Amino acid sequence: MRIRTVTTLPFDDQRPGTSGLRKKVHVFRQPHYLENFVQSIFDCLEDLTGATLVLGGDGRYYNDQAIQVILKMAAANGVGRMLVGRDGLLSTPAASCVIRRHGALGGIILSASHNPAGPEGDFGIKYNVSNGGPAPEKLTERIYARSREIREYRLLEADDVPLDRCGQQRLGEMTVEVIDPVADYAELMESLFDFDRIRELFSGGFRIRYDAMHAVTGPYAREILVRRLGAPEDSVVNATPLPDFGGGHPDPNLTYARALVDALWREDAPDFGAASDGDGDRNMILGRRFFVTPSDSLAVLAANATCAPGYRSGLAGIARSMPTSRAADRVADRLGIPCYETPTGWKFFGNLLDAGRITLCGEESFGTGSNHIREKDGLWAVLFWLNLLAENRRSVADTVRDHWREFGRDYYTRHDYEGIDSEAAQRLMSELRGSLAELAGSAPDGHRIRLADDFRYEDPVDHSISEHQGIRLLFENEARIVYRLSGTGTAGATLRVYIERYEPDPSRHGLDAQQALADYIRLADEIAGIRRHTGRERPDVIT
Ligand code: G1P
Ligand code: ZN
């Protein structure tokens, strides 16, 4: 076996976004494209020689080929040991768990999360560091800088490594250890939640439908929900990971997980419904005819955290991304613990978790997690809910309504305008930015704006600053509109508009969110000129 040094030229578009480098599959398949980025990662890791790395992905199209390239490059770059999920699979939370448990230097995760897959779909690659979390911006910027000047990469000339069976193999000087992608993760879950209690819940006839959306969580859900917890086999649907996710869009929300939503609205609906995304870090929680907003889910879990053995001793603090509703803040207030407001993206929770300042964190975008790993975690959230319901023996809907009665309800919605013209989107945002001074203190349609700014975050741990993290309009009655552009899309721009208002009065908690927020939805368009700039009459996705 020979190490080959390949001459290459830089690409100029390898700057990682909210969550790694995401591009269309055909972009990744250009000669040298994947290799350049992987070598750029390796070049930025100081202690790579002899180190252990973790490798796996969500099983999407090109996962298998990319893994072989990365293995050969790792071997040529002096990596000592590579832990690879069997069949190249590892959910994002499981990868985070494996990195931590095995003391790895880091890991490479192949995923474009919830974006559609297949030859015409998306692919992605992300580097996680030794705490199991996404590389901080400092490192992703260095990787990007490296990708702009790279001139060569190294590759071992060798046959592909079979990944269908667990065990150790050699690839040049490197050990390749194929591991069960589920085992470490399932054990961790068992240490956090009361499996006996949940087993009792199921044996008492409680019915669940978990939709793996033909993505990576199928094997995890089967092992944990069915095999370890005794839920009936047919509780887990679409459980076989497919390279094109069965042609679907594995994003667990009201639009893309329609089949699950329909099942929960039927006469014979199960008691509980849940889904995860392509790489298993997102979750959607449903009750019978009831949708739990991710913001509420974080707040409910925080308020009831001590029901789960892993959280018995209480919470150190909570964090939520800025556009997430302030329902969690109300719980933190009551518990007398801090609540941090971070920019969008899981990487901003890493420092707070490492410093022990927070225990739970979440985002409105169907992401919830805790200090057990350094990624959001879909199945973890499902198990947390099941543990809670096994304890309180209430329905999902009643659990949330009880919570609203106690803390008030934060009516919340997010409107996404997808694939809009990038320049139009930039114009909309810069016009908004330009009018912030004017907006503050004004009262469009009689709704007075108390604060209008462009969110800026100073990390309380390392004091790094992140600017331009979204335009916030805060009204006097605590209603809020937030505008930001997506950092994960691969075609055109996506405008996200987050709208919410607080309702303390329980007699007014029964409205539909779109109805309850109608005034502010209208205002959001009026103020930013969404229709004028984008030509769109309505959002593509409402969650
Ligand atoms: C989206 C979500 C964000 C999440 C990210 C990765 O990013 O809004 O909360 O962390 O996906 O799952 P965006 O496309 O908005 O930049
Ligand atoms: Zn994801």
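FYI, it's all coordinate maths here, none of it is from the lab. Everything numeric in this text was worked out from a predicted model, so none of it was measured. In this analysis, Cβ positions are derived from the backbone assuming ideal geometry, glycine residues included, and neighbour counts consider all displayed protein chains.
Some points to look at:
- The chain: C-alpha gyration tensor shape, a/c 1.5 cut-off, then a/b vs b/c: oblate
- In Hz, Karplus ³J(HN,Hα) per residue of the range 457-469 (6.51, -1.76, 1.60; θ = phi - 60°; x = Gly, Pro): 10, 10, 5, x, 8, 9, 6, 6, 10, 10, 9, 6, 9
- Calculated [θ] (222 nm, deg cm²/dmol) that DSSP helices of n ≥ 4 give over the chain, each run adding -39,500 (n - 2.57): -8500 deg cm²/dmol
- 0 to 90° range, to nearest 10: angle between helix 294-303 axis and the chain longest Cα axis: 80
- Two-site FRET efficiency, Ala355 against Ala145, from Cβ-Cβ distance with R₀ of 35 Å, rounded to 0.05: 0.80
- Theoretical FRET efficiency, 1/(1+(r/R0)^6), r = Cβ-Cβ of Ser203 and Glu478, R0 56 Å, to 0.05: 0.80
- Between Thr342 and Arg320, Ser321, Met322, the built amide H atoms are under 5 Å apart, and every one of these is 5 or more places off in sequence or on another chain.
- Taking a Cβ cut-off of under 9 Å around Tyr483, the surrounding Lys, Arg, Asp and Glu residues balance to a net charge of +3, with basic ones at +1 and acidic ones at -1.
- Here the simple spin-label model places points 7 Å from the Cα toward Cβ, and for Leu436 and Glu233 these points are separated by 5.8 nm.
- Length added when fully stretched, Val461-Asp445, from 0.36 nm per residue minus Cα-Cα: 1.7 nm
- Rounded to 0.05, the FRET efficiency of the Thr306 and Asp505 pair, given R0 = 35 Å and the Cβ-Cβ distance, is 0.80.
- Stretchable slack from Asp180 to Arg393, in nm (0.36 nm times residue separation minus alpha-carbon distance): 73.3 nm
- With each label modelled as a point 7 angstrom along the Cα→C-beta vector, the Arg289-Arg258 pair spans 2.2 nm.
- Amide H contacts of Gly78 (H built 1.01 Å from N, in plane; Pro and chain starts excluded): no residue 5 or more places away or on another chain comes under 5 Å.
- J(HN,Hα) series, the range 10-20, from Karplus relation 6.51 cos²θ - 1.76 cosθ + 1.60, nearest Hz, glycine and proline x: x, 9, 9, 10, 9, 7, x, x, 3, 8, x
- Modelled label positions at Thr8 and Glu423, each set 7 Å beyond Cα in the direction of Cβ, lie 3.2 nm from each other.
- Proximity of backbone amide H atoms, modeled 1.01 Å from N, is registered between Arg282 and Asp277, Gly378 at under 5 Å, excluding neighbours fewer than 5 places apart on the same chain.
- Taking each residue as 0.36 nm, the span from Met1 to Glu173 lengthens on full extension beyond its C-alpha to C-alpha distance by 60.9 nm.
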